[in-house]
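**Student:** Supplied in structure tokens, the structure appears directly below.
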Amino acid sequence: MSGHEEPEGYEGDVTVAVEGEPERTAHAALGARFDPLAGHVVWSGRVALDLAPRTRVVLGTPHSSAPAEATERDPWGNTRVTGIGRPPFPVELLDDAADV
């Protein structure tokens, strides 16, 4: 492991599930990093969908799925999301901890 300066992440298609709506597919760029103040890994990113702020979603990648919350829309029509719990993509820091 080389340190925590470079965020780990995922870029590609994700499934986006919102309760009461059909599941959709969109492109996403997601990243995770260790936050020393919080004491754990945090993750966030952008999804190429127009979601209302505070919408709770479940993002799925080929690796896994995880809950997240939409926080804001950007000028290009993407929605910023913040992850809740373990990210839906491999993170070296977390994967190495599971091996111990």
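**Student:** Which residues, counting only those in the stretch 6-35, are free of Cβ contacts under 8 Å to residues at least 60 places away in the same chain and β-branched (V, I, T)?
**Tutor:** T15, V16, V18, T25
**Student:** Being at pLDDT 95 or above, basic (K, R) and surrounded by fewer than 17 Cβ atoms within 10 Å (Cβ to Cβ): is that true of R46 here?
**Tutor:** Against the criterion (at pLDDT 95 or above, basic (K, R) and surrounded by fewer than 17 Cβ atoms within 10 Å (Cβ to Cβ)), R46 does not qualify.
**Student:** Something else: Could you check how many residues of the stretch 45-76 are in a loop (DSSP other than H, G, I, E, B) and either touching an Asp or Glu at 6+ places or on another chain (Cβ under 6 Å) or basic (K, R) (or both)?
**Tutor:** Of the residues in the stretch 45-76, 2 are in a loop (DSSP other than H, G, I, E, B) and either touching an Asp or Glu at 6+ places or on another chain (Cβ under 6 Å) or basic (K, R) (or both).
**Student:** If I filter the stretch 13-34 for residues that are in contact with a Phe, Trp or Tyr (Cβ under 9 Å, 6 or more places away or on another chain), of a type outside the set (A, V, I, L, M) and in a strand (DSSP E or B), do I get at least one hit?
**Tutor:** yes
**Student:** I would also like to ask the following. Are there any pairs, at least 6 apart or on different chains, whose C-beta atoms fall under 7 Å, with the first in the stretch 36-48 and charged (D, E, K, R) and the second at pLDDT 95 or above, and if so, which?
**Tutor:** Correct list of pairs: R46/A28; R46/A29; R46/N78; R46/T79; R46/R80.
**Student:** Which ones in the stretch 7-40 are surrounded by 13 or more Cβ atoms within 10 Å (Cβ to Cβ), more than 12 Å from the chain's Cα centre (by Cα) and of a type in the set (G, A, S)?
**Tutor:** Result: A17, A26.
**Student:** Count, please, the residues in the stretch 49-63 that happen to be farther than 19 Å from E19 by Cβ and buried (at least 16 other Cβ atoms within 10 Å of the Cβ).
**Tutor:** Summing the residues that are farther than 19 Å from E19 by Cβ and buried (at least 16 other Cβ atoms within 10 Å of the Cβ) in the stretch 49-63 gives 1.
**Student:** Output the residue which, of all residues in the stretch 64-86 that are surrounded by 19 or more Cβ atoms within 10 Å (Cβ to Cβ) and closer than 17 Å to D35 by Cβ, is modelled with the lowest pLDDT. First the steps, then the outcome.
**Tutor:** Of all residues in the stretch 64-86, those surrounded by 19 or more Cβ atoms within 10 Å (Cβ to Cβ) come to 66, 68, 70, 78-79, 81, 83.
Now narrow it down to the ones that are closer than 17 Å to D35 by Cβ: 66, 68, 81, 83.
Working: A66: 96, A68: 97, V81: 98, G83: 92.
Only one residue fits best here, namely G83.
**Student:** Separate question: If the requirement is being touching a Ser or Thr at 6+ places or on another chain (Cβ under 9 Å), over 17 Å from E8 (Cα atoms) and small (G, A, S), which of these qualifies: A28, A48, A32, A38? So that I can check it myself, show each step before the final result.
**Tutor:** Numbers: A28 fails: over 17 Å from E8 (Cα atoms); A32 fails: over 17 Å from E8 (Cα atoms); A38 fails: touching a Ser or Thr at 6+ places or on another chain (Cβ under 9 Å).
It is A48.
The values are calculated or read from the model by the stated rules, or taken from the named source; none is laboratory data. Small disclaimer: the values here were computed from a predicted structure and weren't measured. All Cβ positions, glycine included, derive from the backbone under ideal geometry; neighbour counts span all protein chains shown.
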